[in-house]
Amino acid sequence: MDVFPLKDADGSVRAVGVAASDYSQQYDSRERIALISEARTRVGTSLDIVGTAREFAELAVPRFADFVSVDLLEPVFQGELPAPVLPRGVTALRMAAYQWAAGHALDAVISATEVHTHPWSSPVARCLAENRAVRHSTKDFEVIRWLAEDPVQASLAETFGPHSLIAVPIRTQGVSLGVVLFVRYEASHEEAFGPDCTAISEDLVDRLAICLDNARRFTRERGVALALQRALLPRESTVHPAVETAARYLPAGGGAQAGGDWFDVVPLPGARVGLVVGDVVGHGINASATMGRLRTAVRTLADIDLPPEELLTHLDDIITHTAGEQGGEPTGEIPGDIGATCLYAVYDPVSGTCSLARAGHPAPVLIHPDGTSSVIDMPCGPPLGLGSLPFEAADVIVPEGGLLALFTDGLLTTWDRDVDEGCSDLCSALALPATSLDALCDTVLDTLCPEPHADDVTLLLARPCVFGEDRLASWDLPSDPAVVADARRLAAEQLALWGLAEAAFVTQLVVSELVTNAMRHAGGPIRLRLIKGETLICEVSDGSSVSPYLRRARVFDEGGRGLFMVAQFTKRWGTRYTRTGKTIWGEQVLHMP
């Protein structure tokens with residue numbers, strides 16, 4: 001209050017003036033402006049739904065209310081927009097976060113199974129149905145009954161005696177995501193919520209709605225990316241007679257971001273197996289989609305049995321052509337395909353040899369039976385999509401009981417560890433004792449990746465086996481048509497030794513047709529080989545690179561039915577080209593006793 005004199009023209013004091021200002025009101029106004037301003041910086045610091053709700057509750061208590069809860073409709077937690085709330089219906093909400101000002105913060109995260117239902121007459125249900133803020137005094141009979149029935153409010157109301165509340169819908173894009181409930185108690189706030197408080201609460205919740213919608217969108221995109229990636233990756237360890245495998249994939253940030261790392265185990269003809277590990281730069285749906293395209297391309301190219309270096313060359317061409325077809329306006333982003341790397345290996349259990357080629361990818365590690373390990377010395381081609389240099393392959397003998405480790409660079413490098421240190425740590429971790437390959441995968445990840453990484457991590461462990469003479473039989477045949485009968489006899493005798501006499505009829509038919517075709521249409525040495533595994537594989541190799549093809553013979557044709565019969569009586573068949581010619585093979589399903 002200010003006191004001052006009132007003077008006339010000659011300077012004489014004629015009266016005394018008094019001026020008073022309501023500083024408390026000015027103080028409250030400044031506090032509320034500061035609260036709204038602070039909400040812009042403190043709320044929404046992360047793209048986590050529960051974390052955003054917690055930040056809001058901590059901001060509003062105790063400065064604006066004694067109790068604040070953020071209750072959301074269930075679809076919001078999955079990143080979806082909920083359906084409109086029907087009036088006069090029971091509303092089910094899951095509490096994301098709540099806080100009170102009694103000197104102790106209650107648990108901010110409520111169990112996903114804990115859902116509260118609110119009758120249509122409650123302030124929470126009414127504000128959702130009417131799409132507006134609802135302010136109540138606790139003298140209202142319906143509010144008193146709701147407070148007594150609500151599991152959270154009942155204990156607080158009995159202890160502190162609430163006298164006013166505001167329920168504000170969280171709205172975005174014309175849809176309500178949930179409700180924010182503000183409550184004041186007699187023990188803390190003598191002043192009840194007034195009309196100006198309703199306006200302030202709406203301003204605060206508007207900021208919360210923007211942040212929650214951003215978090216919801218991120219949750220949805222992350223869920224789509226993770227679902228896409230899980231659908232594209234192998235669901236479980238692949239069972240193959242030539243190799244035992246185990247694999248792990250860790251998204252960046254401990255599951256927060258799906259990326260473009262992938263692995264695959266591809267069955268190949270001749271009881272061989274293809275091992276693939278790849279990496280696409282970036283995260284999100286685009287990286288996962290690129291990864292899916294690359295994995296499908298590798299599967300397709302591996303199905304025609306290309307050597308590793310030729311497969312990577314074709315994969316590089318596919319990516320280059322795809323990038324050229326996309327064209328369009330520049331987006332300012334580096335295409336994920338250009339930042340893709342890949343390692344492809346083919347293991348042959350007959351020879352115990354692994355042929356590998358890589359495109360900008362880390363070299364694998366070979367663990368010997370005695371526990372020593374080394375990084376495989378092999379040429380490194382450029383990343384996929386550059387189309388610059390050809391790729392080269394390296395052949396490595398994998399000893400019986402050895403182990404191959406294929407991985408992406410995210411396993412090796414961190415902010416405080418370079419590639420060399422990562423390789424050393426990886427070799428040490430792979431030498432640790434483990435009861436199985438799955439247990440060894442977990443041991444390696446626990447050792448090298450104890451905390452969430454900034455990059456994706458993929459690890460594929462493969463323990464190859466070598467087929468012994470008890471599973472192989474081969475014969476060199478002269479180019480004489482009379483030898484076809486001898487080839488059928490040799491095959492039948494070998495099947496009898498293996499206890500597979502029931503497969504002799506089909507095997508003799510396949511041997512007869514393939515050997516006859518090799519003598520009529522090819523040249524060079526002819527070799528017949530049988531491989532017994534989970535299936536029976538019959539192979540005939542010759543020195544010609546001319547590819548046979550399947551056709552339907554006409555009624556009066558004297559030939560052209562051989563490959564058709566082979567295709568009908570076998571599970572599958574195909575042609576594999578080698579440096580000296582080709583191999584035609586047929587695979588039969590065995591019915592073991």
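The values are calculated or read from the model by the stated rules, or taken from the named source; none is laboratory data. What you see is a predicted model, and the numbers here were worked out from it, not measured in a lab. Here the Cβ is made from the backbone with ideal geometry for all residues, glycine too, and neighbour counts use every protein chain on show. Ligands, DNA and RNA are excluded from the accessible area calculation, which covers all protein heavy atoms including side chains. Shrake-Rupley method; radii C 1.70, N 1.55, O 1.52, S 1.80 Å.
Some points to look at:
- Near the amide H of Gly523, within less than 5 Å, lie the amide hydrogens of Gly543, Ser544, all on another chain or at least 5 residues away, with H placed in the peptide plane.
- Subtracting the Cα-Cα distance of Glu534 and Asp486 from 0.36 nm times their residue separation leaves 14.7 nm of extension gain.
- Modelled FRET efficiency - R0 45 Å, His368 with Arg520, Cβ distances, 0.05 increments: 0.45
- Binned Cα-Cα distances of the range 374-426, short to long, each 10 Å bin given as a whole percent: 17, 38, 37, 8
- Fraction of accessible area attributable to carbon and sulfur, the range 277-321 (%, probe 1.4 Å): 58
- Derived scalar couplings ³J(HN,Hα) [the range 264-272; Karplus, 6.51 cos²θ - 1.76 cosθ + 1.60; whole Hz; x for Gly, Pro]: 7, 10, 10, x, 10, x, x, 6, 7
- Rounded to the nearest Hz, the phi-derived 3J(HN,Hα) couplings of the range 36-51 under the Karplus curve 6.51 cos²θ - 1.76 cosθ + 1.60 (θ = phi - 60°) are 5, 5, 5, 4, 5, 9, 9, 9, x, 6, 9, 9, 10, 5, 5, x, where x marks glycine and proline.
- Neighbours of Ala522 by Cβ distance under 11 Å: Lys/Arg scored +1, Asp/Glu scored -1, total +1.
- Heavy-atom accessible area ranking, 1.4 Å probe, most first, across Trp475, Trp120, Trp262: Trp120, Trp475, Trp262
- FRET efficiency for the Glu80 to Leu389 pair, using the beta carbon distance and R₀ = 45 Å, is estimated at 0.40.
- Computed label-point distance, nm, for sites Thr575 and Asp317 using a 7 Å Cα→Cβ extension: 1.7
- Solvent accessible area, Å² - Thr578, 1.4 Å probe, full protein context: 70
- Solvent-accessible surface (1.4 angstrom probe) belonging to Asp279, in square angstrom, nearest 10: 20
- Net charge contributed by nearby residues that have their C-beta within less than 13 Å of Pro478 (K/R +1, D/E -1): -3
- Inter-label distance, nm, simple model (7 Å from Cα along the C-beta direction), Gln173/Arg230: 2.3
- Taking each residue as 0.36 nm, the span from Ala567 to Ser479 lengthens on full extension beyond its C-alpha to C-alpha distance by 29.3 nm.
- Cys380-Thr414 FRET efficiency (beta carbon distance; Förster radius 25 Å; 0.05 resolution): 0.70
- Trp120-Thr353 pseudo-label distance in nm [points 7 Å out on the Cα-to-Cβ vector]: 7.9
- Whole-Å distance, taken between Cα centres, linking the range 444-493 and the range 195-228: 54
- Close amide H pairs (under 5 Å, H built 1.01 Å from N) link Ala393 with no residue at least 5 positions away or on another chain.
- Solvent-accessible area of Val419 with every protein chain in place, 1.4 Å probe, in Å² to the nearest 10: 70
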